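The values are calculated or read from the model by the stated rules, or taken from the named source; none is laboratory data. No experiment lies behind these values; they were computed from the predicted model shown. Backbone-built Cβ (ideal geometry, glycine too); neighbour counts: all protein chains shown. Just the protein is used for accessible areas: all its heavy atoms, side chains included, with ligands, DNA and RNA removed. Shrake-Rupley method; radii C 1.70, N 1.55, O 1.52, S 1.80 Å.
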Amino acid sequence: MTVESTAARKPRRSAGTTAAKSGASTTGTKNAASKRTSAAAGKKTPGVPGAPGASGPGPEFVQLLTPEGKRVKDATYDPYVADITPEELRGLYRDMVLTRRFDAEATSLQRQGELGLWASLLGQEAAQIGSGRATREDDYVFPTYREHGVAWCRGVDPTNLLGMFRGVNNGGWDPNSNNFHLYTIVIGSQTLHATGYAMGVAKDGADSAVIAYFGDGASSQGDVAESFTFSAVYNAPVVFFCQNNQWAISEPTEKQTRVPLYQRAQGYGFPGVRVDGNDVLACLAVTKWALERARRGEGPTLVEAYTYRMGAHTTSDDPTKYRADEERESWEAKDPILRLRTYLEASNHADEGFFAELEAESEALGKRVREVVRAMPDPDHFAIFENVYADGHALVDEERAQFAAYQASFADEGEGK
């Protein structure tokens, strides 16, 4: 079986998925380091107008594929995935597997001193691949710094994501080539950029949409609140996709909000939907629904993908200091890749030959990533002095000369001088 390279192909318009509310609790165990309490626990929450499947207590969400790999139906979201083919299902599985392998390779490279830092997406593959495959080529994506799976869906070569983390560039791709903006380190600021871009799209009369990614921690930022205000008032065609992995570094979501995050949209006057973030089909269907209503001129939507960060916030973080092992283990049982594989096998949509070939492709990807990263040239050390002032400046010239002397001192030491 020959599988087309996802990184090389153009973003496609994926088929949607079915959704159904699930009352199963996905709340983790109590933190070993601090007692977690929820102000909203046990309280019924009102539905959000225009957002089907979004009401209910606690972690109730739209779900189409259970953790056991069972397909469930939903009248609202089934139409968005009704025509999905076995080939497309295998494609979603392949996307998640290769994205996870790339992510694991990047983590290893950082541990080996090849990258300065890395923000892993481990456990969030379904949220990213499902939503990413829901976008059209003419849609525009504004990521944070963890959307490696979305970048994959947009056709960005994964090795281009590593230059910034190696310190050799500020982002290794042209945003306009794939309608995928550069990674944004400032928490939450990209939601304002996305809103402004979406307002421009509306004024141009285009039928494309914009999607902005952010995490549960960013939801507390003022920029995000401003984005909600402006997008609602101007009816901007933007989807706010919040990956609620339940931990803003060491801060649990319960200490940031008294209501489920998707309900915040209600206060701004637009729909909010909570989806099972470990269900790639549900994420695909809900995001397609949200993007299509944006393209029809119906304004913004907030999608909260309820998932879990399986690893550290970044490679500089130690989650064992603030999370219980039991919590992580409970979420490992909800692994997004495992549940889709179970469904593929039970439905006879994939055989051992497919999985074996994918394993070989995964190994080849890991090898290529290592080779490309280690071959990246060092940046021009003097580039930092360029474009500081349009016409130059005496102080910058002085600093450049001082830096040149500093650099030359290393060569002198090597020659024994």
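Ordered from highest to lowest accessible area with the whole protein assembly present and a 1.4 Å probe, Val150, Val372 read as Val372, Val150.
Evaluated with a Cβ-only charge set (Lys, Arg +1; Asp, Glu -1), region 243-337 carries a dipole of roughly 580 debye about its Cα centre, given to the nearest 20.
With each label modelled as a point 7 angstrom along the Cα→C-beta vector, the Val259-Met376 pair spans 4.2 nm. Which entries in Lys70/Lys321; Lys73/Lys288; Lys255/Lys321; Lys288/Lys321; Lys73/Lys203 show an alpha-carbon gap greater than 26 Å? From Lys70/Lys321; Lys73/Lys288; Lys255/Lys321; Lys288/Lys321; Lys73/Lys203, over 26 Å: Lys70/Lys321; Lys288/Lys321; Lys73/Lys203.
Using the Cβ-Cβ distance between Phe403 and Asn169 with R0 = 22 Å, the FRET efficiency computed as 1/(1 + (r/R0)^6) comes to roughly 0.70. In region 232-284, taking the dipole from charged Cβ atoms about the Cα centre, the farthest positive-side position among Thr257, Cys283, Gln246 is held by Thr257. Fully extending the segment from Glu359 to Ala75, taken as 0.36 nm per residue of separation minus the present Cα-Cα distance, adds 98.6 nm.
Measuring with a 1.4 angstrom probe and ignoring ligands and nucleic acids, Glu254 comes out at about 50 Å² accessible. Note that region 152-202, at 25 °C in a medium of 0.890 mPa s, gets a Stokes-Einstein diffusion coefficient of 202 µm²/s from its Kirkwood radius over C-alpha pairs. Note on Ala390 and Asn348: the extension gain reaches 8.8 nm, defined as 0.36 nm multiplied by sequence separation minus the Cα-Cα distance.
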